[in-house]
Every structure is written in C-alpha cells, then in structure tokens.
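Undergrad: The structure under discussion is supplied below as structure tokens; questions concerning it will follow.
Throughout, read-outs are computed from the coordinates displayed, never taken from laboratory work. No experiment lies behind these values; they were computed from the predicted model shown. Positions of Cβ are backbone-derived with ideal geometry, glycine not excepted, and every protein chain shown enters the neighbour counts.
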Amino acid sequence: MPALRWIRRNLVVIAGLLTLAYMILPNIVVMVFSFNKPNGRFNYSWQRFSLDAWKDPCGVADLCGSLSLSLQIAFWATLGATALGTMVAFALVRYRFRARGAISSLIFLPMAMPEVVMAASLLTLFLNMGAQLGFWTVLIAHIMFCLSFVVTAVKARVMSMDPRLEEAARDLYAGPVQTFVRVTLPIAAPGIAAGALLAFALSFDDFIITNFNAGSSVTFPMFVWGSAQRGTPVQINVIGTAMFIIAVLMVLVGQLIANRRKSNARS
Amino acid sequence: MSVTEAPPAPPSHPEEPKLRKPSTRKRLIPYWLLLPGILWLVVFFALPLVYQASTSVQTGSLEEGFEVTWHFQTYVDALRDYYPQFIRSLLYAGTATILCLLLGYPLAYLIAFKAGRWRNLVLVLVIAPFFTSFLIRTLAWKTILADGGAVVDVLNTLHVLDVTSWLGWTESNRVLATPMAVVCGLTYNFLPFMILPLYTSLERIDGRLHEAAGDLYATPATTFRKVTFPLSMPGVVAGTLLTFIPASGDYVNAELLGSTDTKMVGSVIQSQFLRVLDYPTAAALSFILMAVVLLMVTFYIRRSGTEDLV
C-alpha cells in the first residue's frame with residue numbers, strides 16, 4: 001500500500017504536526033469564541049456571531065483595570081529582573097571567585113521549585129513582616145522568580161561570546177567603558193532581549209505566586225480566574241486573541257529586521 | 001533592596017589601604033555585580049523558606065496568634081489527611097510529563113531536522129500560544145472537552161471512553177471534570193517547556209553523525225535509538241524536569257478542568273493558606289511537596305548522569 005508506506009516514511013512529520021495542532025487548538029477556540037454572543041454568564045458554548053465584544057473590549061467592570069495593573073507590574077518586573085539578572089550573568093561567566101558554585105545553585109533553585117511553594121513561603125515572610133499586600137509585594141515576587149530565567153538566558157549568550165573581540169577593542173585603545181558599550185553590550189544584546197522578553201511573558205502570565213501575594217489587588221490572570229467562577233465575559237477572549245496577534249506580529253517584525261540586517265551585512 | 005550595603009567579604013583584606021589599587025578593585029567587580037541580584041534572592045527566596053519552616057512548627061490560631069512550639073505532629077497530620085492529593089499530584093504530573101515527552105519529541109525533531117526553511121515559522125507557532133494568558137487557554141479546554149462536544153462525540157463513537165471509564169480516567173460519556181481532563185490540561189500547558197529544551201539539544205547534533213550511521217548500514221530506527229536519542233539526553237532531562245516540577249505544584253488545571261475528586265496538593269495548600277488560614281498545616285504541606293520534588297529531582301539527575309546540567 002503506497003499510502004501506508006507514505007505515512008510510515010513521514011511518521012515523525014505527521015506526529016509533530018499533530019502536536020502542533022494540539023498546541024494551537026485552544027488559541028483557535030479562544031479566537032472563534034471572541035465573536036460569540038453567549039447566552040448567560042459563561043462563554044463556553046457557541047450561540048451566534050457577534051462583534052459586540054470587539055467593539056467594546058473594556059465594557060466589563062475591572063477588566064481593563066486588571067490588564068493595566070498586569071502591564072505595569074510586568075514592565076517594572078522586566079526592568080528589575082533584566083538589570084539584576086544581566087549583572088549576575090556577567091559575573092558568573094566572566095569571573096572566577098569564591099562561592100561561585102553556591103551562587104549558581106541559588107540561581108537554579110527558584111526554577112526547580114514548584115511555584116506554590118515559593119508563593120506560600122513568600123506570603124509567610126510578608127505576613128511576618130506585616131507588609132501590606134498589593135502592587136509592591138507582587139512586584140517583589142515577580143522580580144524574584146524572573147531573575148533566574150534572565151540569568152540563564154543572558155549566561156547562554158555571554159558564554160558563546162568570543163573574548164578576543166573585547167581584547168581587540170582594548171588593543172585598539174578603547175577604554176573599559178567604551179569596550180563595554182560599543183562591543184560587549186551589542187553582542188550580548190540578543191541574550192538580554194531574550195531574557196527580558198521571557199521575564200515579561202512570565203510576569204504578565206503568572207497566576208499562582210500573584211494569587212498568594214496580591215492581597216486585594218487584581219491582576220489580569222486573577223481577573224480571568226475569578227471569571228471562571230462568576231461568569232466569563234467574551235472580552236476575555238478578545239484580549240487573549242489580541243495578545244496572540246500582537247505577539248505574532250512582533251516576532252514577524254523582529255524576523256524581518258533580522259533578515260534585512262543579514263542581507264545588509266552580506267552586501 | 002538598596003545596593004549600598006557592604007559586599008560579601010572580598011578575597012583580600014578590605015581594611016588594607018591598597019583598596020584603590022586596580023587589582024583589588026578589579027577583584028571586587030564580580031561581587032558588586034552579584035550583590036543586588038543575590039541579595040534579592042536571599043531576602044525574597046531563601047529567607048521566606050526559613051520563615052515557612054518556622055511557621056510549619058508553630059501552633060495557635062489566627063485570633064490568638066501563632067507560636068513556635070516545635071509541633072512536628074503537624075507534618076504527620078498533614079500527610080495523614082492529604083496523602084491522596086499528594087499521590088494524585090505526583091501521578092498526574094508524572095503522566096503529563098511522559099505524555100509531553102511522547103508528544104513533544106516528534107515536534108522538536110521536526111523543527112530541528114525536517115522543517116528546513118519553515119523552521120522559524122514552526123518555532124513561532126510553538127511559542128506564540130504562550131502569549132495568550134494560560135488561564136484563558138485552559139478555559140478554552142472547557143469548551144473543547146465539553147459534554148456532547150465534538151471531541152467527546154468522536155471518543156464515544158470510537159468507544160475510547162468505554163475503555164477510559166473502565167480504567168477510571170473518565171466517567172461515562174464525560175471527559176470534563178475527570179482525571180483525563182486534568183492530565184490533558186497539564187500536558188497542554190507544559191508542552192512548550194518540554195519542546196524547547198529538546199529542540200535545543202537536538203539542534204546541536206552534528207548531521208554528519210546521521211550520515212555516518214547510515215553509511216554503517218544502520219536503519220533509521222537504529223540510528224535514532226543508538227545516536228540521536230542518547231545525544232538528546234540533556235534535552236530530555238531538562239524537559240522532563242521543567243515539566244514535572246511545575247506540574248506537581250499546579251492547581252489551576254485541577255481546579256478549572258477537574259472536580260473535587262481530582263484535587264491536587266497545590267489546591268490544598270492554596271485553600272489552607274488563603275481560605276482556612278491554617279498557616280502551620282499549609283506550610284508543612286508546602287515543605288513536604290518541596291522535599292519530595294527536590295529528592296526526586298536529585299535522584300533523577302544522578303541516575304541520568306547529566307549533573308553538569310545544574
């Protein structure tokens with residue numbers, strides 16, 4: 001049977017594409033259901049087509065407030081974690097010093113711990129200190145768990161950097177600051193950008209740690225969580241779809257810039 | 001955290017007037033770079049664990065206040081009351097990890113070796129779903145697995161649900177609110193954490209090794225078994241850890257897609273902490289979970305022989 005033989009030969013490709021379909025299916029459902037006009041409080045079954053939610057994405061109480069809170073936290077958390085993480089990554093790759101092993105483990109541990117454990121322990125700290133739960137406690141928590149991921153991303157890039165480029169800069173009488181700004185930073189930039197993007201995505205999407213430490217503040221994931229109990233407005237799907245489209249566009253634009261740079265470098 | 005605090009003791013004697021000398025100053029650079037980040041992790045990651053340890057051996061109530069009484073009985077009671085949730089968490093997380101590996105490997109392989117000029121597109125398609133909040137996507141599974149929906153109908157027609165119900169994974173004609181729905185959600189949510197490390201380690205494999213295996217008359221299956229898979233082990237280990245650890249503590253999938261019979265230990269910790277306000281029990285549970293996961297991870301890393309991963 002030629003058909004069977006074809007399937008056997010392309011088994012990996014078929015299996016891979018099926019996995020890809022499994023991964024994208026919920027996004028398609030989210031997109032389709034953003035055009036639904038639900039009957040009742042929950043948007044789980046298809047009723048009829050409507051553009052209402054797209055016309056009025058902020059039409060649900062507290063939704064856009066939670067969105068803006070999440071964006072603010074993600075912005076500051078990204079800034080904090082990227083700054084601190086980049087410094088740590090450079091120290092770990094470029095210098096030999098005592099306690100290097102211990103520090104590497106300290107960086108690794110937050111990634112090797114179930115989120116709920118970190119969330120709960122951080123809450124005991126804040127309760128013991130009598131801290132007011134809200135924006136600041138969430139920001140502190142987000143910088144904490146994003147830090148390790150930034151370090152890992154930047155470290156990978158810095159490790160693959162050729163130290164001879166910096167030596168060459170020094171040989172050409174560039175000062176340490178000049179070498180860093182003109183040579184080191186541009187080469188490390190993709191790693192730092194990857195770390196920052198990861199931090200932003202992790203912070204924006206985090207639910208478990210935020211849920212423990214937010215007090216009465218409501219971030220976007222917490223709003224969605226609450227809506228699963230109270231009723232899910234279609235606007236949630238609109239925002240989910242918009243996020244997906246913006247992300248894809250950003251990646252495409254990035255790719256375009258990278259391609260253009262490559263062809264410029266070649267010519 | 002302020003950056004102005006003293007750095008950890010430098011290798012030389014700080015009181016020496018030589019501090020201005022470039023060599024000493026240079027030796028201090030790594031400590032200054034590390035200071036803010038490490039301080040942050042010590043204060044907001046390590047110190048909280050100490051606080052939690054102390055909370056777990058306290059007794060008292062919210063009204064009268066808690067006191068450290070070295071009451072280790074809390075651990076025994078917590079285990080006795082909640083061992084089903086513990087076992088369930090490890091079971092669900094383990095199943096989801098194995099499913100992630102089985103589903104993720106072909107896709108990672110496809111991206112690394114077969115995608116050609118489509119590689120970047122497929123990579124984008126793997127990462128892009130991430131940007132829709134995972135809670136929204138998990139809620140979408142409610143629609144997909146809904147009673148009387150297309151998926152349930154197909155599984156019913158194929159008599160798959162008869163088998164899974166017999167195994168206790170589903171209830172007659174239902175997928176939603178059963179263990180299968182929870183495992184499906186867990187697998188879905190943590191798949192990218194499996195695929196990306198797998199892809200990175202597969203991509204590093206020299207294509208000439210495949211040619212060499214072919215030249216030595218190895219069939220594709222043998223090449224995979226003897227060359228590709230062993231070389232991808234670092235990715236397999238990293239991927240399984242990145243899937244299993246967060247999955248074992250997750251309670252979102254169990255709460256949104258499951259029922260009271262599928263509660264995982266994360267749910268218990270959450271409700272003890274935020275609703276029942278029984279902090280000692282919650283802290284003890286969270287400590288047991290951490291210990292179990294760390295022990296399993298250490299053992300697994302030792303066994304798989306990729307200690308350089310950490």
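Undergrad: Go through region B:249-260 residue by residue and turn each phi into a ³J(HN,Hα) via Karplus (6.51, -1.76, 1.60, θ = phi - 60°); whole Hz please, and just put x for glycine and proline.
TA: Per-residue couplings from phi come out as x, 6, 10, 5, 5, 5, 6, 7, 9, x, 10, 5 Hz.
Undergrad: When each pair of different Cα atoms in region A:140-229 is counted once in the 1/r mean, what is the Kirkwood radius in angstroms, to one decimal?
TA: It is 15.6 Å.
Undergrad: May I pose another question? Per residue of region B:41-58, what does 6.51 cos²θ - 1.76 cosθ + 1.60 with θ = phi - 60° give for ³J(HN,Hα)? Whole Hz please, x for Gly and Pro, Karplus curve as stated.
TA: Values per residue, Gly and Pro as x: 5, 5, 6, 10, 10, 6, 4, x, 5, 5, 4, 5, 4, 5, 4, 5, 10, 9 Hz.
Undergrad: Further, regarding this structure: Where does the charge balance sit around B:Pro129 when Lys and Arg score +1, Asp and Glu -1, over other residues with C-beta under 15 Å from its C-beta?
TA: Local charge sum for B:Pro129: 0.
Undergrad: Which residues in region B:200-228 place their backbone N less than 14 Å from a point set 7 Å from the Cα of A:Met159 along the Cα-to-Cβ direction?
TA: From region B:200-228, the list is B:200-201, B:204.
Undergrad: What's the exposure ranking of B:Ser259, B:Ser201, B:Ser89, going from fewest to most Cβ atoms within 10 Å?
TA: Ascending number of Cβ neighbours within 10 Å: B:Ser259, B:Ser201, B:Ser89.
Undergrad: Still on this structure, I have one more. Find the cysteines in chain A that fail to meet the 4.7 Å Cβ criterion with every other cysteine, and list them.
TA: Flagged as lacking a Cys partner: A:Cys146.
Undergrad: Please report the spacing between the Cα centers of region A:227-265 and region B:147-204 in Å, no decimals.
TA: For region A:227-265 versus region B:147-204, the Cα centre distance is 27 Å.
Undergrad: Further, regarding this structure: Which residues does a label at B:Asp81 reach in region B:244-279, if reach means a backbone N under 13 Å from a point 7 Å past the Cα toward the Cβ?
TA: B:268-279
Undergrad: Check cross-link reach from B:Lys26 to the lysines: straight Cα distance under 19 Å, and skip same-chain residues fewer than eight apart.
TA: B:Lys18
Undergrad: Please report the net charge: other residues with Cβ closer than 15 Å to the Cβ of B:Leu161, K and R +1, D and E -1.
TA: In short, -3.
Undergrad: Still on this structure, I have one more. For region A:1-69, compute Rg over Rh where Rg is the Cα radius of gyration and Rh is the Kirkwood radius from the inverse mean 1/r over Cα pairs.
TA: 1.27
Undergrad: Find how many whole Å separate the alpha carbon centroid of region B:235-277 from the alpha carbon centroid of region A:85-149.
TA: The distance from the Cα centre of region A:85-149 to that of region B:235-277 comes to 21 Å.
Undergrad: Sticking with this one: Given a Förster radius of 56 Å and the C-beta distance between B:Leu158 and B:Ala46 as r, what FRET efficiency does 1/(1 + (r/R0)^6) yield to the nearest 0.05?
TA: 0.60
Undergrad: Given just the C-alpha atoms of region B:212-271, how large is their convex hull per residue in cubic angstrom?
TA: Each residue corresponds to 106 Å³ of Cα convex hull volume.
Undergrad: Pull up all non-local amide H partners of A:Asn36: gap of 5 or more, or a different chain, and H-to-H distance under 5 Å with H placed in the peptide plane.
TA: Those qualifying (amide H under 5 Å, at least 5 residues apart or on another chain) are A:Ser50.
Undergrad: What ratio of Cα Rg to 2.2 N^0.38 Å holds for the protein assembly as shown?
TA: 1.03
Undergrad: OK, next. Per residue of region A:96-103, in order, report the coupling 6.51 cos²θ - 1.76 cosθ + 1.60 (Karplus, θ = phi - 60°) as ³J(HN,Hα) in whole Hz, putting x for Gly and Pro.
TA: So the J values, rounded to whole Hz, are 9, 8, 5, 6, 5, x, 4, 5.
Undergrad: Also: Straight-line reach from A:Lys155: which aspartates and glutamates have a Cα under 16 Å away, not including same-chain ones fewer than 8 places off?
TA: Straight-distance partners of A:Lys155: B:Asp308.
Undergrad: Give me the distance in nm between label points sitting 7 Å out from Cα along the Cα-to-Cβ direction at A:Arg260 and B:Arg204, one decimal.
TA: A separation of 3.5 nm, rounded to one decimal place.
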